1. Provide the descending list of Cα extents for the range 263-307 along its principal axes, expressed in whole angstroms.
2. Could you go through the range 62-71 in sequence order and give the Karplus-derived ³J(HN,Hα) for each residue, using 6.51 cos²θ - 1.76 cosθ + 1.60 with θ = phi - 60°, rounded to whole Hz, and x for Gly and Pro?
3. About the Cα centre of the range 124-190, what is the dipole size in debye to 20, counting +1 per Lys and Arg Cβ and -1 per Asp and Glu Cβ, all else neutral?
4. If Lys and Arg each add +1 and Asp and Glu each add -1, what is the summed charge of the other residues whose beta carbon sits under 14 Å from the beta carbon of residue 13?
5. Measuring from centroid to centroid over Cα atoms, what is the spacing of the range 294-320 and the range 108-146 in Å?
6. Fully extended, how many nm does the chain gain between residue 291 and residue 192 (0.36 nm per residue separation, minus their Cα-Cα distance)?
7. Considering only 295, 312, 191, give the residue with the highest GNM mean-square fluctuation for the chain, with springs between Cα atoms whenever their separation is below 10 Å.
8. Run through the DSSP bridge list for the range 47-229 and note the antiparallel percent, rounded to the nearest 5.
Amino acid sequence: MRVVIAPDKLKGTYSADQAAQALARGWESRRQDDLRLVPLADGGEGTAAALLAARGGTWRVAPAHDARGRPVEARYADLGGGQAALDVAEACGMWRVADLAPDPLESTSLGAGELIGRAIGDGCTRIIVGVGGTATTDGGAGLRQGLGSVPEGVSLVAALDVDNPLLGATGAAAVYGPQKGASPRQVAELERRLAALQLTSAGRPGAGAGGGIGAMLMELGAEAVPGARLVLDEVGFDRALAGADLCITGEGRIDAQTLRGKVVSAVAQRCRSGGVTCIAVGGIVEVEAAAALAELGTDTLQQGDLEAAGAELAARLLGGGRL
């Protein structure tokens, strides 16, 4: 039996690779099968790692600044052949400034631009940029400052983890500002600043990703792609799925956001198209999301311990029960 194990990260608990390994250990504690591990990402943190794991390459380290302007050592994945992948969160992510009180109005995406610039300086001509997970809502103004113009012959690909526009009730400030510590008054100020950038890409899906970095990358000529779809294509997920009997995917919380292009829904759709049984594991599984996935033919299991989840699923199959 061939089983594809293709989860996203469970934020704060497992990286995508750790999640895949844990599910595999659990499964192998009950039965032995042909397991294919394909760690995934949706354009947020872990995108570069997923591409590096699938395609091979080398981590490169570069100086940059975090969202509060402190010098840091950040990394990008050199995939070879002039291609690279990086997460903007590697420089200006929430995790970088977790030791400080939130300061939404002063947080900058400068380091993300510096990191892209370093990859270009090192000779990379196609750079995949994972856009999610930032501590900033500056519309990519800092990124533009750190990067400058994009040289001729260099192409950027923005892997977007959400489809929100830049402005308005579903925009970067209104939806994600409070998650980054912004008060209602600060949200209003962030909205004003984003509008003042006058980005022509503001209304496009995903412009609000990364606190508006999505919009700025589009403005700089980047190709904008849903992150989960891009990662599945780049890692050759369809080839791994061909001939499989089962696919196990997962993420930390399976909810309404899952259905808007996150890894679990993207995998569920590919499995339905390929005629492969799929089950999604989540630390929390909301009823409405589970029902929507069921319509795609994907069952769900609520279990935050992924090793236990893998063991449970294998035991069900061993006992002849329904997955």
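Values quoted throughout were computed directly from the atomic coordinates according to the rules given, and no laboratory measurement underlies them. Just so it is clear, the structure is predicted and the values come from calculations on it, not from any experiment. Glycine gets a Cβ as well: all are built from the backbone with ideal geometry, and neighbour counts include every protein chain shown.
1. Result, largest extent first: 28, 24, 15 Å.
2. The phi angles translate into 9, x, 7, 10, 7, 5, 10, x, 7, x Hz.
3. 100 debye
4. Working: positive: 9, 11, 253; negative: 8, 17, 45, 251, 305, 307.
Computed value for this residue: -3.
5. Spelled out, the Cα-based centre of one part sits 38 Å from the other.
6. Numbers: separation 99, 0.36 × 99 = 35.64 nm, distance 3.85 nm.
In short, 31.8 nm is gained.
7. Answer for the Gaussian network model of the chain: 295.
8. On the way: 12 of 26 bridges.
So the antiparallel bridges amount to about 45 percent of the total.
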